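**Q** First, the structure itself, so that you have it in front of you.
The values are calculated or read from the model by the stated rules, or taken from the named source; none is laboratory data. Not measured: the values here are computed from a predicted model. We place every Cβ from the backbone using ideal geometry, glycine too, and count neighbours over all the protein chains shown.
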Amino acid sequence: MALKTKKEKSTIAKPIHQSKSFAVIETGGKQYLIKPGDVVRIERIEKPKKGDTVYFEKVLLLVKEGEIKLGNPYLKTVKIGGKLLKEGRFKKITHLRYHSKTRQQRRKGHRQIYSEVKIGEF
């Protein structure tokens, strides 16, 4: 019988992105790791319409051509722009409330609205 040997895993760190520029922005209470040209689905933005330019002012981290800028908590001088492509709705999330002894149940569903934004150059 042949002996089985365990494969050793590589401990070399892999880069997060192949591109030299990326950023972390905050919008809608969530943080997104973005790079130029990305299409990101974020929480709904109220005012702009399809085709308008949207600016994100809450930038936490900016890496551009190897230069790292870190905010405390945000970078005050940096804005990242993007073009609003469309608005849509995520898949339905269902939740069920059930009482075992009375066999009472209630089913609810929710579809969150999102805005799809194409990130421009930093």
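**Q** Those residues that are surrounded by fewer than 11 Cβ atoms within 10 Å (Cβ to Cβ) and closer than 14 Å to Thr27 by Cβ, I need them from the stretch 41-72; list them, please.
**A** Glu46, Lys47, Tyr55
**Q** With respect to Lys30, determine if the residue is under 20 Å from Tyr74 (Cβ atoms) and either at pLDDT 80 or above or surrounded by 12 or more Cβ atoms within 10 Å (Cβ to Cβ) (or both).
**A** Considered against the rule, which asks whether it is under 20 Å from Tyr74 (Cβ atoms) and either at pLDDT 80 or above or surrounded by 12 or more Cβ atoms within 10 Å (Cβ to Cβ) (or both), Lys30 comes out as yes.
**Q** Count, please, the residues in the stretch 32-80 that happen to be in contact (Cβ under 8 Å) with a residue 40 or more places away in the chain and either of a type in the set (Gly, Ala, Ser) or in contact with a Cys (Cβ under 9 Å, 6 or more places away or on another chain) (or both).
**A** Residues that pass the stated criteria total 2.
**Q** Name the residues in the stretch 54-71 that are outside any strand (DSSP E or B) and out of contact with any strand residue (DSSP E or B) (no Cβ under 9 Å at 6 or more places or on another chain), would you?
**A** Within the stretch 54-71, Glu65, Gly66 meet the criteria.
**Q** May I pose another question? β-branched (Val, Ile, Thr), modelled with pLDDT of 95 or more and more than 20 Å from Gly29 (Cα to Cα): which single residue out of Thr102, Thr77, Thr94 fits that description?
**A** Thr94
**Q** Output the residues belonging to the stretch 72-115 that are aliphatic (A, V, I, L, M), in a strand (DSSP E or B) and either over 18 Å from the mean Cα position of the chain (by Cα) or at positive phi (or both).
**A** Selection gives Ile93, Leu96.
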